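The structure under discussion appears below in the form of structure tokens.
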Amino acid sequence: MAPLQRILAIIIKELKQLGRDRLTFGMVIMIPLIQLLMFGYAINTDVRNIPIGVVNQSDSAVARILTETIKVTQVVDVVASYNTPDEAEKAIVRGEIRGALIFPNDLTKRIVQGEVLGQLVVDGSDTVISSALLQLRNFPLDEIIIEPNLSRKANKPTFEVALFFNPSRRSQVNIIPGLVGIILTMTMVLFTSAAIVREREQGNLELLITTPIRSIELMIGKILPYIIVGLIQVVIVLGLGYLVFDVGITGNLFDVFLVTLLFIAASLVLGLIISTIAKTQLQAMQMTIFVLLPSILLSGFMFPYEAMPKAAQYIAELLPATHFMRMIRAVVLKGADATSLVYDNLWLIGFTVIGLIIASIRFKKRLD
Amino acid sequence: MRINNRDNFAIYTQGLTKKFGSLTAVNQLNLSIETGSIYGFLGPNGCGKSTTIRMLCGLLTPTSGTAEVMGFAIPQQAEALKKQVGYMTQKFSLYGDLTVVENLKFMGQIFGLNHRYLKTRIDELISRYNLLAQKDQRVASMSGGQKQRLALAASVMHKPALLFLDEPTSAVDPENRRDFWEKLFDLSESGTTILVSTHYMDEAERCHQLAILERGAMKAEGTPEKLMQEIAAEVVEVKGSHLRQLKSQLLAFPEIKSVAQQGIRLRVLVDKNVSHPIEFIKTKITDEDLECNMAHPSLEDVFVTVTGNSISETANKGNA
């Protein structure tokens, strides 16, 4: 019975310790609770309400009726209209819309002749999104064309599709730049959160806070080395992505650098904030996971952002990874200019600055 | 305490108190520590030594009371004070994965020493604290004594006017302890005020001034010599058989303050009001082969008389 007694002693001790580590205990409850609710609602592989734009060059009522009919399917949500196809393409590059319907000026004639009606420009980078949009290719026109004399030529689709950025529809094209975001979230947040907590656990911090060093100096000094670590990781992921998976970088390398730098800074600051809350490295690790899971599932990495309900989208907006996911895909896949992604840029800069201030305030040079 | 005298004091506190919840860790502490002296806190673990030191360097906020350290009001002006104090923590707190030189360089840079001066200062400290052979060794693999010398070197890097040492020799052997104190006397000689906490009697005896702390309160203060002279008890060494029984017999008398066995002897503290302590014992205990001698009081005896317990007993009570 001695072995059983010893095992029991360990079990009781573990349970007591677990119960007394309030943050860990909280995480035991919170991780499944919050994450289940969050993801149960948010994860939706049935894609709806994809934002698209319309370019109506025909100026005919038919185009408007057609647009309305397509809207009713709820697959797409027409959020903007543009004057030229060129403007619509630019909006796709910026990530504002995922596709555009282009109605040519001879639309009415095409209907009569049973020809292809117009063009559907699709952002092919996310294969889930593009598959959903491709359903519109053979959109039935029975509901609008009630004139029995007009019949569609059997082999003609409704729209001619132009698949941008990922014509072969390979999922790696979308996954690899996104993976940069996930890997950076994982390592950057964990590194910084553990870096300060480790000093506290090992007693170095007690000495450090008796010196004239300021909180903000310590915070900045802690962050900067890891920026280099982050950049090395980006080079590895994107380099291998190119060499092994043939995912090239369409955009400017400097833009890639700029965008990742912003994201690394934001992630490091997030880690710093965690380090001012966590007391042990284990707690820091758990809080990192708490951030990491939604960064994988809600940021648009696994499931299209557009397919998530509004509430989940708001949560996703809080995560630096969501903004980065948009920007890195825009730059790497669509060749976007980093400066054109104003909103996401500003958001990450704001997050970094405010986060740094919060961390410095929270980090007290005191023991009580 | 006259106000114009305060200039002579490196540390001056009035009613300094720290409570953690319902526990009073430091209770109404009045300190006046002269500039340039070595001042000791003697007491068992949990008596408030570390808490007091942490309050005096601004790491903990006092619950009540005032403190002035090097002329700075604490905790309000703690940041300004930090340039002038060195602090050697109870637990070794430099970086185990850096070498001796790297650690010293780091601390020097944190204190803003300029590059060229830092280099000569590090060489100076390495030779003064006998770390030449370990210069490029990673600290984690060094012995307790070497780590302690490094910690002292790091804490005096910026030539602080005031040095806090929190149980500096708890991890080293007696020989290293003696060497360490030689270094402290050198520092004191050059004008550094040193506040050191300890639970070792031999260490306490080396201080210029000593405060005996028990459960956050000061029980006695003075030079070690004065404390031993003014002890409120006579010390009698008793030799005999059946010492364990003898001890419990003696403790039954209220005049006997304490009895501690030391090998084949009992060290008995008898109240000062008893005019002939040896006679007193002999009349109380009817044992013909009892051999009694008067002895000089030690610091341990002082500690026992002011706190009513030996240092290890007090520690045990504190932990319970």
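What follows is calculated from the coordinates using simple rules that are stated; it is not laboratory data. Since we're looking at a predicted model, the values are computed, not measured. As a convention, Cβ positions derive from the backbone with ideal geometry for all residues, glycine included, and neighbour counts pool all protein chains shown.
Considering only region B:51-66, state which residues are surrounded by fewer than 22 Cβ atoms within 10 Å (Cβ to Cβ) and more than 7 Å from chain A (Cβ to nearest Cβ). Of everything in region B:51-66, those that are surrounded by fewer than 22 Cβ atoms within 10 Å (Cβ to Cβ) and more than 7 Å from chain A (Cβ to nearest Cβ) turn out to be B:THR63, B:SER64, B:GLY65, B:THR66.
Determine, yes or no, whether B:THR35 is surrounded by fewer than 22 Cβ atoms within 10 Å (Cβ to Cβ), in contact with a Lys or Arg (Cβ under 8 Å, 6 or more places away or on another chain) and away from every other protein chain (no Cβ under 14 Å). In short, no. Restricting region A:200-229 to residues that are in contact with a Ser or Thr (Cβ under 7 Å, 6 or more places away or on another chain) and within 8 Å of another protein chain (Cβ to nearest Cβ), the residue that is surrounded by the most Cβ atoms within 10 Å (Cβ to Cβ) is A:LEU207.
Test A:GLY335 against the criterion of being more than 18 Å from A:GLN233 (Cα to Cα) and small (Gly, Ala, Ser), and give yes or no. Give the steps one after another, and end with the answer.
Numbers: more than 18 Å from A:GLN233 (Cα to Cα): yes; small (Gly, Ala, Ser): yes.
The answer is yes for A:GLY335.
Considering only residues in region A:92-116 that are crowded, with 20+ Cβ neighbours inside 10 Å and within 22 Å of the chain's Cα centre (by Cα), the one that is nearest to A:MET327 (Cα to Cα) turns out to be A:GLY95. Hey, among B:GLU214, B:GLU230, B:GLU221, B:GLU203, which residue is surrounded by fewer than 19 Cβ atoms within 10 Å (Cβ to Cβ), touching a residue at least 12 places away in the same chain (Cβ under 8 Å), under 23 Å from the mean Cα position of the chain (by Cα) and under 30 Å from B:SER188 (Cβ atoms)? Of the residues listed, the single one that is surrounded by fewer than 19 Cβ atoms within 10 Å (Cβ to Cβ), touching a residue at least 12 places away in the same chain (Cβ under 8 Å), under 23 Å from the mean Cα position of the chain (by Cα) and under 30 Å from B:SER188 (Cβ atoms) is B:GLU221. Applying a threshold of 9 Å to beta carbon distances and a minimum spacing of six or more residues, or different chains, the list of pairs starting in region A:180-205 at a residue that is more than 15 Å from A:GLY271 (Cβ to Cβ) and ending at one that is surrounded by fewer than 20 Cβ atoms within 10 Å (Cβ to Cβ) and of a type in the set (D, E, K, R) reads A:GLU201/A:LYS279; A:GLN202/B:LYS91; A:GLY203/B:LYS91; A:ASN204/A:ARG198.
Is it the case that B:SER170 is at negative phi, free of Cβ contacts under 8 Å to residues at least 40 places away in the same chain and among the small types (Gly, Ala, Ser)?
For B:SER170, the condition - at negative phi, free of Cβ contacts under 8 Å to residues at least 40 places away in the same chain and among the small types (Gly, Ala, Ser) - is not met.
Based on what the data block shows, is A:ILE277 under 21 Å from A:PHE363 (Cα atoms), among the β-branched types (Val, Ile, Thr) and under 25 Å from the mean Cα position of the chain (by Cα)? Answer is no for this residue.
Residue-level analysis places B:SER197 among those that are buried (at least 22 other Cβ atoms within 10 Å of the Cβ), within 19 Å of the chain's Cα centre (by Cα), of a type in the set (S, T, N, Q) and not in a helix (DSSP H, G or I). For region B:67-74, indicate whether the set of residues that are free of Cβ contacts under 8 Å to residues at least 24 places away in the same chain and of a type in the set (Asp, Glu) is non-empty. So far as region B:67-74 goes, no, none of its residues is free of Cβ contacts under 8 Å to residues at least 24 places away in the same chain and of a type in the set (Asp, Glu). For A:SER267, the test of being under 30 Å from B:HIS158 (Cβ atoms) and either out of contact with any Lys or Arg (no Cβ under 8 Å at 6 or more places or on another chain) or in a helix (DSSP H, G or I) (or both) is failed. Looking across region B:206-238, just one residue is out of contact with any strand residue (DSSP E or B) (no Cβ under 9 Å at 6 or more places or on another chain), among the acidic types (Asp, Glu) and outside any strand (DSSP E or B), and that is B:GLU225. The residues of region B:248-266 that are surrounded by 14 or more Cβ atoms within 10 Å (Cβ to Cβ) and either among the hydrophobic types (A, V, I, L, M, F, W, C) or more than 16 Å from B:VAL304 (Cα to Cα) (or both), listed by number, are B:GLN249, B:LEU250, B:PHE253, B:ILE256, B:VAL259, B:ALA260, B:ARG265, B:LEU266. Go through region A:306-338 and report how many residues are of a type in the set (S, T, N, Q) and either closer than 27 Å to A:ILE196 by Cα or in contact (Cβ under 8 Å) with a residue 60 or more places away in the chain (or both). Adding up the residues that qualify gives 1.
Kindly indicate the residue of region A:173-199 that is in contact with a Phe, Trp or Tyr (Cβ under 7 Å, 6 or more places away or on another chain) and over 28 Å from A:THR127 (Cβ atoms) and also nearest to the other protein chains (Cβ to nearest Cβ) among those meeting that condition. Checked region A:173-199; the qualifying residue nearest to the other protein chains (Cβ to nearest Cβ) is A:PHE191.
Rundown of residues vs (1) within 30 Å of A:VAL112 (Cβ to Cβ); (2) in contact with a Gly (Cβ under 8 Å, 6 or more places away or on another chain); (3) part of a strand (DSSP E or B), yes/no style:
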{"site": "A:PRO157", "(1), (2), (3)": "yes, no, no"}
{"site": "A:SER168", "(1), (2), (3)": "no, no, no"}
{"site": "A:ILE182", "(1), (2), (3)": "no, no, no"}
{"site": "A:LEU190", "(1), (2), (3)": "no, yes, no"}
{"site": "A:THR211", "(1), (2), (3)": "no, no, no"}
{"site": "A:TYR242", "(1), (2), (3)": "no, yes, no"}
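Considering only region B:233-247, state which residues are loosely packed, with under 15 Cβ neighbours inside 10 Å and over 25 Å from B:GLU288 (Cβ atoms). Across region B:233-247, there are no qualifying residues.
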